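In what follows, a single structure is set out as structure tokens and then discussed.
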Amino acid sequence: MAAADELAFHEFEEATNLLAQTPDAATTRSDQLTPQGHVAVVMDSGGSYGAEDEVESDKAALLQEEKQQPGFWTFGYYQSFFDVDTSQVLDRIKGSLLPRPGHNFVRHHLRNRPDLYGPFWICATLAFVLAITGNLTLVLAQRRDPSIHYSPQFHKVTVAGITIYCYAWLVPLALWGFLRWRRGVRERVGPYTFLETVCVYGYSLFVFIPTVVLWLIPVPWLQWLFGALALALSAAGLVFTLWPVVREDTRLAATVLLSTVVLLHALLAMGCKFYFFQPLPLEHVAPPHQATSQPPNTLPPTLPRSMAT
Amino acid sequence: MAEAAESPGDPGTATPRPLMRDLKAVGKKFMHVLYPRKSNTLLRDWDLWGPLILCVTLALMLQRGSVDSEKDGGPQFAEVFVIVWFGAVTITLNSKLLGGNISFFQSLCVLGYCILPLTVAMLVCRLVLLAELGPINFMVRLFVVIVMFAWSIVASTAFLADSQPPNRKALAVYPVFLFYFVISWMILTFTPQ
């Protein structure tokens, strides 16, 4: 890249990126005195940026980096990951359900304050809903066809839990590691932190919860339709979030990364559908029905003699 | 509680007072769960005997019998135990991380005691299952489980919701809902062998 290109639009992009990261930061004019201890983005051109934000200049959110982070052995460290209100969680869930091409989930909804509440409880809900609705389909199938043997299938809860949690933690770990490794190629836009990646994945799994409930309807093409719709929404959210980070990378790396992400998501959806909602085996015919259906006149002739004695 | 002449230092009194006192305390908390009012007894004098008794009773009634060798049956004793205690600990950690001002054991105590309605539902379901199976049988069990599930939620929310800041109450109550829902599901799908 030519150095002249870097300098020409560098400030503007940096300012918009920082503003997207820190929504209540202020950009001050270069002739204003910057208060001590504050870091501000200095713009040489145009005074309109600093005009209406003079009240906010004392609360520059760039101060966040100066706040002391408690050590990881203290309870307060983990409490900082649960620092969300009900309305914020609902807003993040809505943002994951309706992905839009320009809106980056991390920048617009998380705003650099990822939480662990959403990913953890969405995964727990999804695991239980999968096991319960899978069991319910067995119940409904038994009502239609009484020869099918019903059992609570409790081991599926364990399987569901392990699968969902491993997916929601290991795949973001791999993705985060890969993005950090490729960091050298992209100097300007930093990669997401590990928690932000976990957050994105966790919230993107939310759309599967109503989908799994709708899979109770025993119409196959409808089930595939709902599954495809959920997968499209979920994968679109992931792709729109990852696109600003990988777009500066080489085309090959970007394509490989995005297609791997979508493929893994599709594998999860299809694996869940096949394992928890499998078509039921029809060979469970109860033996007593066969024995009582034998008519009495076909009994072997030796029996009346033995009964007579 | 106004106990007469509480003198722990007196070696002459050899009455079994501590056991009776504990049993009375457990019984009193059972009453508080069955008729939830805004009182502090569960929180102030917490104990874990009641939850232990309830959990063991529930797990004994829910476990699949020893003659059942199929691998996709109901939960084992240990599985029920793990779900109840691990679930209660997770919910307690969650409410503390969200900034609630309830102590760890107080929260465990409340969650454990509020399993009482569901244990009663399990007893009723086992009795109902002695009659002939059919859709009416299922409807009765479903009704009983739903009523007891709602009772558990109301009882535990009455004690736990006040300890959270107002803008996070729903975040703290939802895991409780999920916890009792899973236990209700286990009770409803119990089939005798």
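Any read-out appearing in this document is the output of simple, stated calculations on the displayed coordinates, not a laboratory observation. None of these values were measured; they are calculated from a predicted model. Backbone-built Cβ (ideal geometry, glycine too); neighbour counts: all protein chains shown.
For B:V176, what is the net charge nearby, where nearby means another residue's Cβ is under 15 Å from its Cβ and Lys, Arg count +1, Asp, Glu -1?
Around B:V176, the surrounding residues sum to +2.
Just subtract the alpha-carbon distance of A:I93 and A:V213 from 0.36 nm times their residue separation and send over the number in nm, one decimal.
Roughly 41.5 nm would be gained on extension.
If R₀ is 22 angstrom, what is the calculated FRET efficiency for the pair B:M31 and B:I146, using the beta carbon separation as r and rounding to 0.05?
Given R0 = 22 Å and the Cβ-Cβ separation, E is 0.45.
Can you pull the mean other chain C-beta count within 10 Å for peptide B:118-125?
0
Nearest 0.05, what FRET efficiency do A:R100 and A:T74 give at R0 = 45 Å with Cβ-Cβ as r?
Values: r = 38 Å, r/R0 = 0.85.
FRET efficiency, A:R100 to A:T74: 0.70.
Got a sec to turn the phi values of the stretch A:101-118 into Karplus ³J(HN,Hα) couplings, 6.51 cos²θ - 1.76 cosθ + 1.60 with θ = phi - 60°, whole Hz, x for Gly and Pro?
Those phi angles translate into x, x, 9, 7, 4, 5, 6, 8, 10, 6, 6, 6, 10, x, 10, 9, 4, x Hz.
Restricting things to Cα coordinates, could you compute the convex hull volume per residue of the stretch A:87-277 in Å³? Working shown, then result.
On the way: hull volume 21.7 nm³, N = 191.
Spread over its residues, the Cα hull of the stretch A:87-277 gives 114 Å³ apiece.
Summing Lys, Arg as +1 and Asp, Glu as -1, what charge do residues with Cβ under 15 Å from the Cβ of B:L108 carry, B:L108 excluded?
+1
Which of the residue pairs B:K28/B:K169; A:K94/A:K156; B:K24/B:K96; A:K156/B:K28; B:K29/B:K96; A:K94/A:K273 have a Cα-Cα distance greater than 32 Å in the structure shown? Mind dumping the intermediate values first?
On the way: B:K28/B:K169 27 Å; A:K94/A:K156 29 Å; B:K24/B:K96 30 Å; A:K156/B:K28 38 Å; B:K29/B:K96 23 Å; A:K94/A:K273 24 Å.
Correct reply: A:K156/B:K28.
If I model a spin label as a point 7 Å beyond the Cα along the Cα-Cβ vector, how far apart are those points for B:L129 and A:E248 in nm?
Label at B:L129, label at A:E248, 6.2 nm between them.
What is the mean number of Cβ atoms from other protein chains located within 10 Å of the Cβ atom of each residue in peptide A:146-154, rounded to a whole number?
What the average comes to for A:146-154 is 5.
Using only atoms on other chains, find how many Cβ atoms lie within 10 Å of each Cβ of peptide A:117-124 and report the average.
3
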